[in-house]
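The values are calculated or read from the model by the stated rules, or taken from the named source; none is laboratory data. What you see is a predicted model, and the numbers here were worked out from it, not measured in a lab. So basically every Cβ, Gly included, is an ideal-geometry build from the backbone, and we count neighbours across all protein chains shown.
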Amino acid sequence: MVDCKLVATPVSTTNVETGAAVPYVDPTQYRSSAGALQYVTVTRPDLSYAVNRLCQHMHSPSTVDWAALKRVLWYVNGTLHLGLKITSSPSVDIHAYSDSNWAGNPDDRKSTYGFAVFFGTNLVSWVCRKQRTVAHSSTEAEYKGLADVSAEHD
């Protein structure tokens, strides 16, 4: 994988034909690689969504799933300079950011949402999740995402 091609995103934005999926020859290799990527998400929150999708296929991975896993590895190889770093910060300001996409998952048209909270320059809390229901607009997608997070913390 050292000389692999580099990609700009960890997940393909095109819809993959799942009907042609063939069981992957070495499921243990798939599980080992996907499991290793789970540890990487501790300092690489940008990989969480992609790795979560990969881990949903641990029981019976296909060649399509293996191709998706390799894409995440290509992305990691090209973005080794990214990651969370905790450093002393002269600021004690708290900043929070949120975002959502409307019907962004090409498989089920559900929206994803997320937020990030910074204490000074350090990221201290973040969430990225797929919504439980399909939103009818981008405004509803963000509202439902924030409502889901609020309900979880009540």
**Given (1) more than 18 Å from Ala36 (Cα to Cα); (2) outside any helix (DSSP H, G or I), index of the condition Val64 fails** = (2)
**Prompt:** Does any residue of the stretch 13-35 turn out to be over 28 Å from Asn122 (Cβ atoms), without any contact (Cβ under 8 Å) to a residue 60 or more places away in the chain, part of a helix (DSSP H, G or I) and acidic (Asp, Glu)?
**Reply:** no
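Hey, could you check the stretch 1-48 for residues that are of a type in the set (Gly, Ala, Ser) and surrounded by 10 or more Cβ atoms within 10 Å (Cβ to Cβ) and say which is modelled with the lowest pLDDT?
Per the criteria, the residue is Ala21.
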**Request:** Would you point out which residue out of Val72, Val92, Val134 is part of a helix (DSSP H, G or I) and either of a type outside the set (Lys, Arg) or at pLDDT 80 or above (or both)?
**Result:** Val72
**So Asp99, is it surrounded by fewer than 18 Cβ atoms within 10 Å (Cβ to Cβ) and either not basic (Lys, Arg) or not in a helix (DSSP H, G or I) (or both)** = yes
